[in-house]
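K.L.:
Encoded as structure tokens, here's the structure I'll be asking about.
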Amino acid sequence: MKKRILLLVPNDYKLYSLIERNLLEIGFEVTVILHDSIKFRYKNIFQRVLNTFKKLTDGNNQYKRKLTYEYTAEKLLNRIDAFDLFDYCLVLRADFFHKKVLLAAKNKAKYMVSYHYDGLRRNPEIFKLIPIFDKFYVFDEDDIISNNELQTHLLHNFYFDFAQETNSINYDAYFLGFYHQSREHFLLNLFDILTKIYKKVKFQIVFKSDQLENVDLYMERGVECLTEVIPFEDYLKFIEQTKVIVDFLIGDHNGLSFRIFEGLKYEKKVITTNTNVVKYDFYHPNNFYVLDYSSMNEADIITFLKTPYVAVELEIRKKYSFSSWISQILDVD
């Protein structure tokens, strides 16, 4: 009989659809709950009038956000209560869900775990939710906690290992990321170096609405500027179609990003700013180049790109697949 798993996930980049696909291929029966799957409706005319009043008098948008948060929690709670018992419940980014929803899910699962693929300190509210879970996993070793009140456990990210078609190489180097003013100079310098070496360099930068004044500088250099994040599945197609993956660490955490493990899966060279990659058993200097923010040596980058990729043993690579990851996080053989 198939094991049943309840998956509570944010709708970020539609990452959940690939997780669901991989779980189904492994043999799970999957039920997905998205954090934003409920369309908000006012319960009565008084809520609508009060919200309008608050917006007009003091520009306060928090009232509707609170209403939406509570309304969503109530509807998700009702949905979860209608389910039969699950073997497992896996929650990604528990801070996207109301505590009441998490407690309802816990009552519907024999074993409940969470995986937090962001720095814990980016949203301190998460610390209140950790005790709900049988185990709470983090991807950044700086977020490991072990005391009388809280326990967290380290688990790296992964690459998806479901069956997929092979795409041909269309790009020499690829990067996708959000705009951050702090890394602008460094990122553009690397883009300039790569465009000297290669003809087909694709950098995609996502700008929020209040950052659009910075777009011109990037477009002048030939960087593709986006206002919406592309789905994770489309991003993976770009990854598969490139020779070199570029990975910039976000300052709030030090865990390895998905890009590192995608480089491992597809046997691509990776240029990264994350120094922690050298600690892993799959690391080889021919395959991973660690950029130093204080300097950027163009000659060293060229040398790295010209050296042949060194194949990593299959058994080591398998350790970082989704199938291996889900076995670890659910504590199953």
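Readers should treat all values here as calculations from the given coordinates under stated rules, not as data from a laboratory. Predicted model only: the values in this text are computed from it and were never measured. Neighbour counts run over all protein chains shown; Cβ positions are idealised from the backbone, glycine included.
K.L.:
Tell me the Kirkwood radius of the stretch 171-318: reciprocal of the mean inverse pair distance over distinct alpha-carbon atoms, in Å. Don't jump to the answer; show the numbers that get you there.
P.N.:
Numbers: mean 1/r = 0.0630 Å⁻¹.
It works out to 15.9 Å.
K.L.:
Would you mind working out the magnitude of the charge dipole of the chain relative to its Cα centre, with +1 at each Lys and Arg C-beta and -1 at each Asp and Glu C-beta, to the nearest 20 Debye? Walk me through the intermediate numbers first.
P.N.:
Numbers: 44 positive and 46 negative charges, 248 e Å.
Dipole size: approximately 1180 debye.
K.L.:
Please report the Cα spread of the chain along all three principal axes, rounded to whole Å, starting with the longest.
P.N.:
Between the extreme Cα coordinates on each principal axis of the chain lie 64, 55, 42 Å.
K.L.:
Can you list residues from other chains, or at least 5 along the same chain, whose modelled amide H is less than 5 Å from the amide H of PHE86?
P.N.:
Here ALA109, LYS110 satisfy the definition.
K.L.:
Also, quick follow-up: Along the stretch 3-16, what does the Karplus equation 6.51 cos²θ - 1.76 cosθ + 1.60 (θ = phi - 60°) give for ³J(HN,Hα), rounded to whole Hz, x for Gly and Pro?
P.N.:
Ordered by residue, 3J(HN,Hα) equals 6, 9, 10, 9, 10, 9, 9, x, 8, 4, 6, 6, 4, 4 Hz.
K.L.:
Let me ask you something else. So for the stretch 69-108, what percent of the C-alpha to C-alpha distances run longer than 12 Å?
P.N.:
Details: 428 of 780 pairs.
In whole percent, the share of Cα-Cα pairs in the stretch 69-108 beyond 12 Å is 55.
K.L.:
Considering only TYR88, GLN328, TYR137, whose Cα is most displaced toward the positive end of the charge dipole of the chain, charges sitting on Cβ of Lys, Arg (+1) and Asp, Glu (-1)?
P.N.:
Farthest towards the positive pole: TYR88.
K.L.:
Something else about it: Can you work out the base-10 log of I(q)/I(0) for the stretch 272-333 at q = 0.15, 0.17, 0.26, 0.29 1/Å, using the Debye formula on its C-alpha atoms alone?
P.N.:
Values, matching the q order: -0.61, -0.72, -1.12, -1.22.
K.L.:
Then there's this: For the stretch 224-232, what does the Karplus curve 6.51 cos²θ - 1.76 cosθ + 1.60, with θ = phi - 60°, yield as ³J(HN,Hα) per residue in whole Hz, taken in order and with x for Gly and Pro?
P.N.:
7, 10, 10, 10, 9, 6, 7, x, 4
K.L.:
Counting each DSSP H run of 4 or more residues in the chain as -39500 (n - 2.57), what helix-only mean residue ellipticity at 222 nm follows after dividing by all residues, to the nearest 500 deg cm²/dmol? Please report the intermediate quantities before stating the final value.
P.N.:
Values: 11 runs with 116 residues, N = 333.
It comes out at -10500 deg cm²/dmol, rounded to the nearest 500.
K.L.:
OK, next. Using r as the Cβ-Cβ distance of ALA82 and GLN211, and R0 as 30 Å, what FRET efficiency do you calculate, to the nearest 0.05? List each step's numbers first, then the result.
P.N.:
Numbers: r = 42 Å, r/R0 = 1.40.
Given R0 = 30 Å and the Cβ-Cβ separation, E is 0.10.
K.L.:
Continuing with this model, one more query. Starting from the amide H of VAL138, placed 1.01 Å from N in the peptide plane, find each other amide H under 5 Å away whose residue is 5 or more places distant or on another chain.
P.N.:
Sorted by chain and number, the residues that satisfy this are HIS116, HIS153, LEU154, LEU155.
K.L.:
Evaluate E = 1/(1 + (r/R0)^6) for GLU267 and ASN123, where r is the Cβ-Cβ distance and R0 equals 41 Å; express this FRET efficiency to the nearest 0.05. The partial results should precede the final answer.
P.N.:
Working: r = 35 Å, r/R0 = 0.86.
Here the calculated transfer efficiency is 0.70.
K.L.:
Same structure again: Give me D for the stretch 172-254 in µm² s⁻¹, whole number, from Stokes-Einstein with Rh from the Kirkwood sum over alpha-carbon pairs, 20 °C and 1.002 mPa s.
P.N.:
Details: Rh = 13.3 Å.
Roughly 161 µm²/s, to the nearest whole number.
K.L.:
Let me ask something else about it. Near the amide H of LEU226, under 5 Å away, which other amide H atoms are found, from residues 5 or more places off or on another chain, if H is placed in the peptide plane?
P.N.:
Correct list: ILE205, VAL206, PHE207.
K.L.:
Once the Cβ-Cβ distance between LYS196 and LYS75 is put in as r, and R0 is 45 Å, what FRET efficiency do you end up with, to the nearest 0.05?
P.N.:
Values: r = 54 Å, r/R0 = 1.20.
According to the calculation, E is roughly 0.25.
K.L.:
Let me ask something additional. Once the dipole of the stretch 147-259 is set up with Lys and Arg at +1 and Asp and Glu at -1 on Cβ about the Cα centre, which of TYR198, PHE178, LEU188 lies farthest towards its positive end?
P.N.:
The listed residue farthest towards the positive side: TYR198.
K.L.:
Something else: Could you work out the pair-distance distribution P(r) of the stretch 104-240 from its alpha-carbon pairs, with 5 angstrom bin width and percents rounded to whole numbers?
P.N.:
2, 8, 14, 13, 13, 14, 13, 11, 7, 4, 1, 0
K.L.:
Once label points are set 7 Å from the Cα along Cα→Cβ at both SER295 and ASP281, what is their separation, rounded to one decimal in nm?
P.N.:
Rounded to a tenth, the inter-label distance reads 3.4 nm.
K.L.:
Using a Gaussian network for the chain with springs between C-alpha atoms less than 10 Å apart, which of these wobbles most: GLU267, GLU213, GLU298?
P.N.:
Taking springs between Cα atoms under 10 Å, the residue moving most is GLU213.
K.L.:
While we're here: Once phi is turned into ³J(HN,Hα) by the Karplus curve 6.51 cos²θ - 1.76 cosθ + 1.60 with θ = phi - 60°, what whole-Hz value does each residue of the stretch 158-174 show in order, with x for glycine and proline?
P.N.:
7, 10, 6, 10, 6, 5, 8, 6, 8, 9, 7, 6, 10, 9, 8, 8, 9
K.L.:
List the pairs from LYS268/LYS319; LYS2/LYS268; LYS75/LYS106; LYS243/LYS318; LYS237/LYS318; LYS200/LYS279 whose alpha-carbon separation is above 27 Å, in the order I gave them.
P.N.:
Details: LYS268/LYS319 17 Å; LYS2/LYS268 35 Å; LYS75/LYS106 16 Å; LYS243/LYS318 21 Å; LYS237/LYS318 20 Å; LYS200/LYS279 31 Å.
Distance filter (> 27 Å) returns LYS2/LYS268; LYS200/LYS279.
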